[in-house]
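Right, one structure below, let's go through it.
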Amino acid sequence: MIETVLLDMDGTLLDLHFDDQVWNHALPAALAKRHNEPIAAAQARVVNTLSHARGSLNWYCLDYWTNAFDISIHHLEQQHAHLVAIRDGTLEFLRHLRALGLRAVLATNAHPASLERKMALTGLADHFSHLVSAHTLGIPKEDRRFWSTLREKTDFDPATSVLADDNLAALSAAREDGVRHVFGIRYPSSTGTPRHYPQFASVNSLAELNPWLARRRIKI
């Protein structure tokens, strides 16, 4: 029987196009203007600088990158807030969870300020019993310890829980920590390329999980 649904935010509930625009276009453009350099050089600077923090919590920390680039990532997010969009099927899925009496927990690597901004823009917070940023736990979701710490904080049973996320490493860490059911998101960005999850099932839209959940609300 499924009791708890764990959900990622960016690329799962929300269209990753927003983040792509901020990091792959707005930030390089701001750097190119500041340093009076070609956009291609600025893009290479961003990729190279970001690569040093991959896999760590700093990778997701807006304050860390604000200091590293000397450009406010918070301001860039605010400038592009009009691009924050709920993915197709998300609202239908969340309403289905409520109708089934399932608990929803949002677990994200996003910076708390970004989480707060996106919840204010989308109104999705009311669908969740908990909104948890990895920054408040001090561990990224790619680390198995995140899931055991989240379990202590929210009291979910991994044997009766399901996770949907567009991050393969996070899905693997959750599975290692005992989360029984995990699903990847094939198209986290409406303008991006598909992602593949060799070890796990995946869906285009969260709403595709509605019949699956309805069956497993009764029994596993």
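The values are calculated or read from the model by the stated rules, or taken from the named source; none is laboratory data. Only a predicted model underlies this, so the values are computations on that prediction, with no experimental measurement involved. Glycine also receives a Cβ, built like all others from the backbone with ideal geometry; neighbour counts cover every protein chain displayed.
If the condition is being within 21 Å of residue 75 (Cβ to Cβ) and not in a helix (DSSP H, G or I), then segment 109-125 contributes 109, 110, 111.
Among 54, 98, which is the only one that is surrounded by fewer than 14 Cβ atoms within 10 Å (Cβ to Cβ), of a type in the set (D, E, K, R) and under 26 Å from residue 137 (Cα atoms)? Just one listed residue meets the conditions, 54.
Got at least one residue in segment 66-73 being farther than 30 Å from residue 127 by Cα, assigned to a helix (DSSP H, G or I) and of a type outside the set (S, T, N, Q)? Within segment 66-73, one or more residues are farther than 30 Å from residue 127 by Cα, assigned to a helix (DSSP H, G or I) and of a type outside the set (S, T, N, Q).
Annotation note: of 157, 166, the sole residue that is over 14 Å from the mean Cα position of the chain (by Cα) and charged (D, E, K, R) is 157. Scanning for something closer than 22 Å to residue 189 by Cβ, modelled with pLDDT under 95, within 18 Å of the chain's Cα centre (by Cα) and not hydrophobic (A, V, I, L, M, F, W, C), does segment 71-81 turn up at least one residue? The answer is no; no qualifying residue exists. For segment 70-117, the set of residues classified as among the charged types (D, E, K, R) and under 24 Å from residue 173 (Cα atoms) consists of 103 only.
Might you check whether a residue that is closer than 24 Å to residue 85 by Cβ and among the hydroxyl-bearing types (Ser, Thr, Tyr) occurs anywhere in segment 171-188? Spell out the reasoning first.
Kept after step one, since they are closer than 24 Å to residue 85 by Cβ, are these residues of segment 171-188: 171, 183-188.
With the extra rule that they be among the hydroxyl-bearing types (Ser, Thr, Tyr), the set shrinks to 187.
Within segment 171-188, one or more residues are closer than 24 Å to residue 85 by Cβ and among the hydroxyl-bearing types (Ser, Thr, Tyr).
If I filter segment 86-95 down to residues being touching a helix residue (DSSP H, G or I) at 6+ places or on another chain (Cβ under 7 Å) and surrounded by fewer than 19 Cβ atoms within 10 Å (Cβ to Cβ), which single residue comes out as nearest to residue 114 (Cα to Cα)? Checking each candidate, the answer is 86.
The rows are residues; the columns are (1) in contact (Cβ under 8 Å) with a residue 12 or more places away in the chain; (2) buried (at least 21 other Cβ atoms within 10 Å of the Cβ); (3) among the basic types (Lys, Arg); (4) part of a helix (DSSP H, G or I).
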residue: 1; (1), (2), (3), (4): yes, no, no, no
residue: 6; (1), (2), (3), (4): yes, yes, no, no
residue: 26; (1), (2), (3), (4): yes, no, no, yes
residue: 45; (1), (2), (3), (4): yes, no, yes, yes
residue: 63; (1), (2), (3), (4): yes, no, no, yes
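Kindly indicate whether residue 172 is closer than 19 Å to residue 19 by Cα, in the same structural domain as residue 93 (by TED's automatic domain parsing) and surrounded by fewer than 18 Cβ atoms within 10 Å (Cβ to Cβ). So residue 172 fails the test. Residues of segment 23-68 that are of a type in the set (A, V, I, L, M, F, W, C), farther than 30 Å from residue 144 by Cα and under 23 Å from the mean Cα position of the chain (by Cα): 26, 27. Going by the conditions given, is residue 106 buried (at least 16 other Cβ atoms within 10 Å of the Cβ) and over 12 Å from residue 5 (Cα atoms)? Considered against the rule, which asks whether it is buried (at least 16 other Cβ atoms within 10 Å of the Cβ) and over 12 Å from residue 5 (Cα atoms), residue 106 comes out as no.
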